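Taking it in order: structure first as structure tokens, then the write-up.
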Amino acid sequence: MSFISESELSQYRSRTKTFSADNITYLNESQSRDKTKPMIFLSHKHDEYTILQDVVGFLENEGINVYVDWMDPNMPAYTNAETAHKLKQKIKIADKFILVATENAINSKWCNWELGLGDAAKYIQHIALIPINRTNKSFRGSEYLSIYPYIDYENGDNKYVNGSYISKGYYVKTPLSNGRHTLTPLKEWLAKK
């Protein structure tokens, strides 16, 4: 699995200007929102604020709405059973589930619990990881992550099996059982219902 570097994501930070609840869409079943824009439930480690800001900027640049639980005024102030019930509902309502897969998020009980919910509600067409790594280490001990589609950047140097070059851009790479993976342009994946 490839990783997106924090420096690659940082270019999107200035695009969000200030990161606040105004940048985030709320997930309510009855809410009237622009249904032409996909809604993403973004699972992440709460104390990784800068990475979260960068990922939100990156995803909003792709033309989607992002839901961040702790910015939702309808969520409890402190985590409890009500939080868990509401998160389950939000994951079901969202069009897509994306885990910001940092080392800290992978070690988080809440992120792993959310990933399990996302797996049950969205697998495999509507779930993906954004693997982010500061040190280029593998996620040892978390090999189960290799079954999930992930977002990766292609620089135009790689080829498809048929020999044609893969265009530059972001793709969702879905692992296959033979060790290969399928590529779907990120914008196309985000638009699929």
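The values are calculated or read from the model by the stated rules, or taken from the named source; none is laboratory data. Remember, it's a predicted structure, so these values are computed and weren't measured experimentally. Glycine gets a Cβ as well: all are built from the backbone with ideal geometry, and neighbour counts include every protein chain shown.
Structural remarks
- Residue check, residue 124 surrounded by fewer than 16 Cβ atoms within 10 Å (Cβ to Cβ) and free of Cβ contacts under 8 Å to residues at least 60 places away in the same chain: yes
- Close contacts from the stretch 168-193, counting a first residue that is closer than 17 Å to residue 156 by Cα and a second that is modelled with pLDDT under 90 and exposed (fewer than 15 other Cβ atoms within 10 Å of the Cβ), with Cβ to Cβ under 6 Å and a gap of 6+ residues or different chains, come to none at all.
- Some residue of the stretch 158-168 being in contact with a helix residue (DSSP H, G or I) (Cβ under 9 Å, 6 or more places away or on another chain) and either more than 15 Å from residue 40 (Cβ to Cβ) or exposed (fewer than 12 other Cβ atoms within 10 Å of the Cβ) (or both): no
- Qualifying residue in the stretch 138-146 (condition: touching a residue at least 40 places away in the same chain (Cβ under 8 Å), surrounded by 12 or more Cβ atoms within 10 Å (Cβ to Cβ), in contact with a strand residue (DSSP E or B) (Cβ under 8 Å, 6 or more places away or on another chain) and hydrophobic (A, V, I, L, M, F, W, C)): yes
- Selection of the stretch 117-136 for residues being assigned to a loop (DSSP other than H, G, I, E, B) and modelled with pLDDT of 95 or more yields only 126.
- Selection from the stretch 176-193 of residues that are farther than 22 Å from residue 94 by Cβ and either at pLDDT 90 or above or crowded, with 17+ Cβ neighbours inside 10 Å (or both): 176, 181, 182, 183
Residue by residue, here is whether (1) over 17 Å from the mean Cα position of the chain (by Cα); (2) more than 26 Å from residue 189 (Cα to Cα) holds:
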site: 76; (1), (2): yes, yes
site: 84; (1), (2): yes, yes
site: 93; (1), (2): no, no
site: 98; (1), (2): no, no
site: 156; (1), (2): yes, no
